[in-house]
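Taken together, the values in this text are just the output of simple stated rules run on the coordinates, not laboratory data. Since the structure is predicted, the reported quantities are computational estimates derived from the model, not experimental observations. For neighbour counting, all protein chains shown are included, and Cβ atoms are generated from backbone atoms with ideal geometry for every residue, glycine included.
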Amino acid sequence: MISGAVSRASASVLLVGGLGLLFAPDLVLPPIVPEYPPAGFWVGQLLGAAWLGLAALNWLNRFVLLGGIYGRGVVSANAIAYFITTLVLLRAGFGDPKASGVWGIGVVAAVPALVYGWLLFRGPAEADLNAHRRQAGE
């Protein structure tokens, strides 16, 4: 199922980013944000915890049909998280020419933002609907 692959990919990306921010903010944040104060690493840890929570949500819903009215809570949470992440990172990239790493992360975040936005407003893929119907015995 396409929605399962999207959920697994999103969970993987959020897991890696969340673990990095939670356990090594002193290694992750300074290259991305020059002159980041060491006293503020707890903010990165809070973001890491949020990403890990969203990763868990995606992992637990990897077998659920997503799109349209199906799995609206999961799709909405991901669409909002990735969309806001993309906007914030691209704005930071425009504001600071030294923050070139922010651009790369912003582009990576834009892809799932578009995918989850498509799922939110379009609905599930036809292949997912057919697979769901076969499993339900319809």
Next on the checklist: Kindly evaluate residue 10 against the criterion of being surrounded by fewer than 17 Cβ atoms within 10 Å (Cβ to Cβ), of a type in the set (S, T, N, Q) and touching a residue at least 24 places away in the same chain (Cβ under 8 Å).
Outcome noted: no
Next on the checklist: Every residue in the range 10-36 that is in a helix (DSSP H, G or I), of a type outside the set (Val, Ile, Thr) and farther than 23 Å from residue 80 by Cα, please.
Outcome noted: 23, 25, 26, 27, 30, 31
Item to check | Those residues of the range 95-107 which are loosely packed, with under 15 Cβ neighbours inside 10 Å, of a type in the set (A, V, I, L, M, F, W, C) and within 15 Å of residue 29 (Cα to Cα), in sequence order | outcome: 103
Next on the checklist: Any residue in the range 120-133 that is touching a residue at least 12 places away in the same chain (Cβ under 8 Å) sitting within a Cβ distance under 9 Å of a residue that is exposed (fewer than 13 other Cβ atoms within 10 Å of the Cβ) and not β-branched (Val, Ile, Thr)? List the pairs, counting only those 6 or more apart or interchain.
Outcome noted: 132/138
Item to check | Options 110, 92: the member that is surrounded by 15 or more Cβ atoms within 10 Å (Cβ to Cβ) and under 15 Å from the mean Cα position of the chain (by Cα) | outcome: 110
Item to check | First in the range 39-53 and more than 13 Å from residue 28 (Cα to Cα), second anywhere and among the hydrophobic types (A, V, I, L, M, F, W, C) and in a helix (DSSP H, G or I), Cβ under 6 Å, 6 or more apart | outcome: 51/14
Item to check | Residue tally, condition over 30 Å from residue 130 (Cα atoms) and polar (S, T, N, Q), over the range 25-79 | outcome: 1
Checklist entry - What tally of residues in the range 55-80 results from selecting those that are part of a helix (DSSP H, G or I) and crowded, with 20+ Cβ neighbours inside 10 Å? => result 6
Next on the checklist: Looking only at the range 37-54, count every residue that is over 18 Å from residue 81 (Cα atoms) and surrounded by 13 or more Cβ atoms within 10 Å (Cβ to Cβ) and tell me the total.
Outcome noted: 1
